[in-house]
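Student: Pasting a structure below so you can have a look.
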Amino acid sequence: MTIRVAAVGDIHMGPDSEGLLRPAFETLSDCADLLLLAGDLTRHGTPQEARVVAREVRDLPVPVVAVLGNHDHHDERPEEVTAILRDAGVSVLEGEATVVECAGGRLGIAGTKGFGGGFVGRSAGEFGEPVMKEFVRTTRRSADSLHAALKELGQRDCAARVALTHFSPVADTLAGEPPEIHPFLGSYLLAEAIDTAGADLAVHGHAHLGTEHGMTAGGVRVRNVAQPVIRRAFNVYRLGGD
């Protein structure tokens, strides 16, 4: 059996874009078993913008699972954004896991926003000033929570597991972005968490000028689903089967 995963990130909704994605989302039951939202759902993280997103995804024909992105934190009210989305039926994850019952089997999703720091050979370290140490520790805590959530799913009889983040776990999907900003687009620590805990697919956003396809060192498929990259309401990825 096959599990069909629809995913998109960086939809950056505001009052002037209300209703833009709803017609496409209402067709999801024809092509997908669930919808993953890979962060940056709003422009500035305001409750008003979050309510626009909530109306866009409320009562869809498939379950919706999301993580927040950096834009969703800008107004410094991520708890309010999360509450508004959850009230609309969205499962919002931050270092947590959830299981969705699909026709093709149980799909486990582990989600976290993630953070920056860079990639092997060109990454920041926990050294020097406290603010630099905290920068890297923020990413490490996020990666550790992703690892724990994926490990938990490994004990929950899932047919497949997906790692959902906003920041990228690999440099592959950043191709097209200026190399100078790669450390602010993701971290190898996320990929380490995915490879050591195990997953069948990793989905992220954030890199608007990046590339869709990538892979971790351990062979896990990575997909950048930022809307400016995929150029549609969502992409669908299939897990399981032949």
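The values are calculated or read from the model by the stated rules, or taken from the named source; none is laboratory data. Just so it is clear, the structure is predicted and the values come from calculations on it, not from any experiment. In this analysis, Cβ positions are derived from the backbone assuming ideal geometry, glycine residues included, and neighbour counts consider all displayed protein chains. Areas reflect the complete protein model, heavy atoms only, side chains present, ligands, DNA and RNA absent. Shrake-Rupley method; radii C 1.70, N 1.55, O 1.52, S 1.80 Å.
Student: State whether the residues of the stretch 125-137 include one that is open to solvent by 60 Å² or more (accessible area, probe 1.4 Å) and among the aliphatic types (A, V, I, L, M). Full working, then the answer.
Tutor: Taking the stretch 125-137 first, the residues open to solvent by 60 Å² or more (accessible area, probe 1.4 Å) are 126-127, 129-134, 137.
Narrowing the set further to residues that are among the aliphatic types (A, V, I, L, M) leaves 131-132.
Scanning the stretch 125-137, I find at least one residue that is open to solvent by 60 Å² or more (accessible area, probe 1.4 Å) and among the aliphatic types (A, V, I, L, M), so the answer is yes.
Student: Continuing with this model, one more query. Residue check, TYR188 against (1) more than 20 Å from ASP40 (Cβ to Cβ); (2) touching a helix residue (DSSP H, G or I) at 6+ places or on another chain (Cβ under 8 Å); (3) of a type outside the set (Gly, Ala, Ser); (4) touching a residue at least 60 places away in the same chain (Cβ under 8 Å), all met but one. Which one?
Tutor: Going through the list (1) more than 20 Å from ASP40 (Cβ to Cβ); (2) touching a helix residue (DSSP H, G or I) at 6+ places or on another chain (Cβ under 8 Å); (3) of a type outside the set (Gly, Ala, Ser); (4) touching a residue at least 60 places away in the same chain (Cβ under 8 Å), TYR188 breaks only (2).
Student: Let me spell it out: the conditions are (1) closer than 23 Å to VAL5 by Cα; (2) among the polar types (S, T, N, Q); (3) open to solvent by less than 50 Å² (accessible area, probe 1.4 Å), and GLN155 meets all of them except one. Which number is the exception?
Tutor: It is condition (3) that GLN155 fails.
Student: Mind listing whichever residues of the stretch 40-75 are among the charged types (D, E, K, R) and either surrounded by 18 or more Cβ atoms within 10 Å (Cβ to Cβ) or closer than 19 Å to PRO15 by Cα (or both)?
Tutor: Listed by number, the residues that qualify are ASP40, ARG43, GLU49, ARG51, ARG55, GLU56, ARG58, ASP72, ASP75.
Student: Output the number of residues of the stretch 191-242 satisfying the condition of being aliphatic (A, V, I, L, M), in a loop (DSSP other than H, G, I, E, B) and buried (at least 23 other Cβ atoms within 10 Å of the Cβ).
Tutor: Counting residues in the stretch 191-242 that are aliphatic (A, V, I, L, M), in a loop (DSSP other than H, G, I, E, B) and buried (at least 23 other Cβ atoms within 10 Å of the Cβ) gives 3.
Student: Filtering the stretch 86-124 down to residues that are free of Cβ contacts under 8 Å to residues at least 60 places away in the same chain and farther than 28 Å from ALA6 by Cβ, which residue is most open to solvent (accessible area, probe 1.4 Å)?
Tutor: So the residue we want is GLY121.
Student: Another one. When only residues in the stretch 118-163 that are in a loop (DSSP other than H, G, I, E, B) and touching a Gly at 6+ places or on another chain (Cβ under 8 Å) count, which is modelled with the lowest pLDDT?
Tutor: The initial filter retains those residues of the stretch 118-163 that are in a loop (DSSP other than H, G, I, E, B), namely 120-121, 124-129, 154-159.
Retained after the next criterion (residues that are touching a Gly at 6+ places or on another chain (Cβ under 8 Å)): 124, 154, 156, 158-159.
Details: ALA124: 87, GLY154: 95, ARG156: 95, CYS158: 97, ALA159: 96.
If we take residues in the stretch 118-163 being in a loop (DSSP other than H, G, I, E, B) and touching a Gly at 6+ places or on another chain (Cβ under 8 Å), then ALA124 is modelled with the lowest pLDDT.
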